[in-house]
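J.: Right, I'll just put the structure down here and ask away after.
Nothing in this text is a laboratory measurement; each read-out follows from the coordinates by a stated rule. Computed from a predicted model, the values in this text were never measured in an experiment. As a convention, Cβ positions derive from the backbone with ideal geometry for all residues, glycine included, and neighbour counts pool all protein chains shown.
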Ligand code: ARG
């Protein structure tokens, strides 16, 4: 209904793969999929977070999120852009509600997908869009390749998006946000086995679940200290205990992103 087919399809495949790996790794079935409020968080606005962009189809149906890092450049997930073309995508800024008509709508003149990308569970999940129209909104800073210390376990990170508010639920009409702790690499590896590629990913969430990104949040920001440090990528279900959300580890890709942002 909001053009989430691609995101939902992607996550279904990923979830099955992750479940299989995890089951094998732990020798036990994964926890039952209990629907939880995604972002056990709160509603917010694009006034509070002006760099949060809706990525939509040509009819302005949102299917992913993105982050404005310069007036004409948006960072999102590669898996959001698979099968898309410059004519199939729009970026909408300054629009808190999915059913709004306000804000700025831009066409996309170029889609850069990380050439190494194959599947979110293999890492490399980053893309940069070049906008045809400048966005008159405050941009986000993003991490540099030397900022590797930002992902210390327990650090508070902020997630944002219009995605579903439960695992099989519907999207949120209003932008939502929550905070989640960064999870250690060793803990995330015990959740996801070899699907967790430490160099390319970082996990965030509570051990008990309950707060997470979900379908439709992909491509959107994970902020640490207000700086873009991750991109919503994948997870086993949403907000499940023992299965944190997985985000693109942006420090690994910041030079690649900068090359796109300055081109
Ligand atoms: N792949 C999803 C999307 O395309 C995002 C899933 C995030 N899942 C999670 N449990 N954190 O919107």
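J.: With everything on Cα atoms, drop me the angle between helix 5-26 and the longest principal axis of the chain, reported from 0 to 90° to the nearest 10.
T.: 20 degrees
J.: Quick check: Cα centre of the stretch 109-174 to Cα centre of the stretch 193-263, how many Å?
T.: One Cα centre to the other: 7 Å.
J.: Still on this structure: For the chain, what is the calculated [θ] at 222 nm in deg cm²/dmol (nearest 500), taking -39500 (n - 2.57) for each run of four or more DSSP H residues and dividing by its residue count? Walk me through the numbers on the way to the answer.
T.: Values: 4 runs with 42 residues, N = 263.
The helix contribution divided over the chain gives -5000 deg cm²/dmol.
J.: Follow-up. So which residue, out of 212, 125, 57, gets the largest mean-square fluctuation from a GNM of the chain using Cα contacts under 10 Å as springs?
T.: Between 212, 125, 57, it is 57 that shows the largest mean-square fluctuation.
J.: Please compute the length gained on full extension between residue 186 and residue 198, using 0.36 nm multiplied by the number of residues separating them and subtracting their Cα-Cα distance.
T.: Numbers: separation 12, 0.36 × 12 = 4.32 nm, distance 0.90 nm.
Once the chain is fully extended between residue 186 and residue 198, it gains 3.4 nm.
J.: State the extension gain, in nm to one decimal, for the chain segment bounded by residue 118 and residue 141, taking 0.36 nm per residue of separation less the distance between their alpha-carbons.
T.: Numbers: separation 23, 0.36 × 23 = 8.28 nm, distance 2.67 nm.
Extra length from residue 118 to residue 141 when fully extended: 5.6 nm.
J.: Pulled fully out, how much extra length does the chain show between residue 58 and residue 132, if you take 0.36 nm times their separation in residues and subtract their Cα-Cα distance? Intermediate values should be presented prior to the final figure.
T.: Working: separation 74, 0.36 × 74 = 26.64 nm, distance 1.40 nm.
Gain on stretching residue 58 to residue 132: 25.2 nm.
J.: Before anything else, pin down the relative contact order of the chain: Cα pairs under 8 Å, at least 6 apart, normalised by residue count, whole percent. Mind dumping the intermediate values first?
T.: On the way: 710 pairs, mean separation 66.1, N = 263.
Dividing the mean separation by the residue count of the chain yields 25 percent.
J.: What ranking, highest mean first, results for peptides 80-93, 175-188 when packing means the other Cβ atoms within 10 Å averaged over each residue?
T.: Numbers: 80-93: 18.3, 175-188: 19.9.
With the highest mean Cβ count within 10 Å placed first, the list reads 175-188, 80-93.
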